[in-house]
Amino acid sequence: MKRTVLITGSSRGIGLAIAQSFNQNDKVVLNCRRDKAQLKKAMAELDCDGYIADVSSYEECQKMLAKIGEIDVLINNAGASYFGTFDQMSRAEISENLNTNLLSAINLTHLAIPSMIRKKSGCVINISSVWGITGASCEVVYSAAKAGLNGLTRALAKELAPSGIRVNAIACGAFETRMNERLSAQEKNAFAEEIPLGRFGNPQEAGDLAVFLASEKAEYITGQIIALDGGFL
């Protein structure tokens, strides 16, 4: 029987790559906050369902899950970066960054796990960042939110393990996504030189890892923050 896999922020980038990987054997459900055209394009490509919902809103999460039903695998991928000094961030920007990168995962996980607990099975994968481990200048709140996501992963894994539910995180390094489009070719080359493998990651590599972590082959892996960064850390 196919599992139901919900991937947030999955109309493009790493989220879409994860959806493509799961779509081979599972029932995939897409989500994005506002880009209906891009979501429809992704839904047509994968022949799957998708929903517009701001997952930083608990109420919108409730409405979306009421339509989807029980989730077997939850991928908390929704996120957004902010590049600039901390002192120049407005209160609204701080709140939005925390809500998008941390509260969204808390909201959906809180709503999705009761059915997993009843079934004594399920998997949660949080898409984090290496900056949540080391911190990044000019991405202070983003780093703090991802560090919080890592803490959520470790703590929830311990709490849910007796119920047969595993929780892990993928801490992504530099990837070929829209988030890094602000970098010039020169800046990207300089960044790549700091990565031992000498290149940015491909979103499909995140998809492959997520599929593995949700599989039977990873049944003894939980509470881990796995750096997918080409050796950067």
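The values are calculated or read from the model by the stated rules, or taken from the named source; none is laboratory data. None of these values were measured; they are calculated from a predicted model. So basically every Cβ, Gly included, is an ideal-geometry build from the backbone, and we count neighbours across all protein chains shown.
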Exercise for the section: Could you please let me know if SER56 is surrounded by 19 or more Cβ atoms within 10 Å (Cβ to Cβ), modelled with pLDDT under 95, over 12 Å from the mean Cα position of the chain (by Cα) and assigned to a loop (DSSP other than H, G, I, E, B)? Expected result: no
Exercise for the section: Run down LEU108, LEU160, LEU156 and say which single residue is of a type outside the set (S, T, N, Q) and either closer than 27 Å to ARG34 by Cα or touching a helix residue (DSSP H, G or I) at 6+ places or on another chain (Cβ under 6 Å) (or both). Expected result: LEU108
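Would you mind stating whether GLN38 is more than 17 Å from LEU108 (Cα to Cα) and either touching a residue at least 60 places away in the same chain (Cβ under 8 Å) or assigned to a loop (DSSP other than H, G, I, E, B) (or both)? Talk me through it step by step, then tell me what you get.
Details: more than 17 Å from LEU108 (Cα to Cα): yes; either touching a residue at least 60 places away in the same chain (Cβ under 8 Å) or assigned to a loop (DSSP other than H, G, I, E, B) (or both): no.
Answer is no for this residue.
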Problem - Considering residues of segment 191-201 that are closer than 20 Å to SER81 by Cα and of a type in the set (Gly, Ala, Ser) only, the residue surrounded by the most Cβ atoms within 10 Å (Cβ to Cβ) - result: GLY201
Practice task
Quick one: which residue in ILE226, ILE221 is in a strand (DSSP E or B) and modelled with pLDDT of 95 or more?
Solution key: ILE226
Exercise for the section: Could you tell me whether any residue of segment 138-160 is among the hydroxyl-bearing types (Ser, Thr, Tyr), in contact (Cβ under 8 Å) with a residue 40 or more places away in the chain and crowded, with 21+ Cβ neighbours inside 10 Å? Expected result: yes
Completion exercise
GLU176 fails exactly one of (1) in contact with a Pro (Cβ under 9 Å, 6 or more places away or on another chain); (2) buried (at least 20 other Cβ atoms within 10 Å of the Cβ), namely (2)
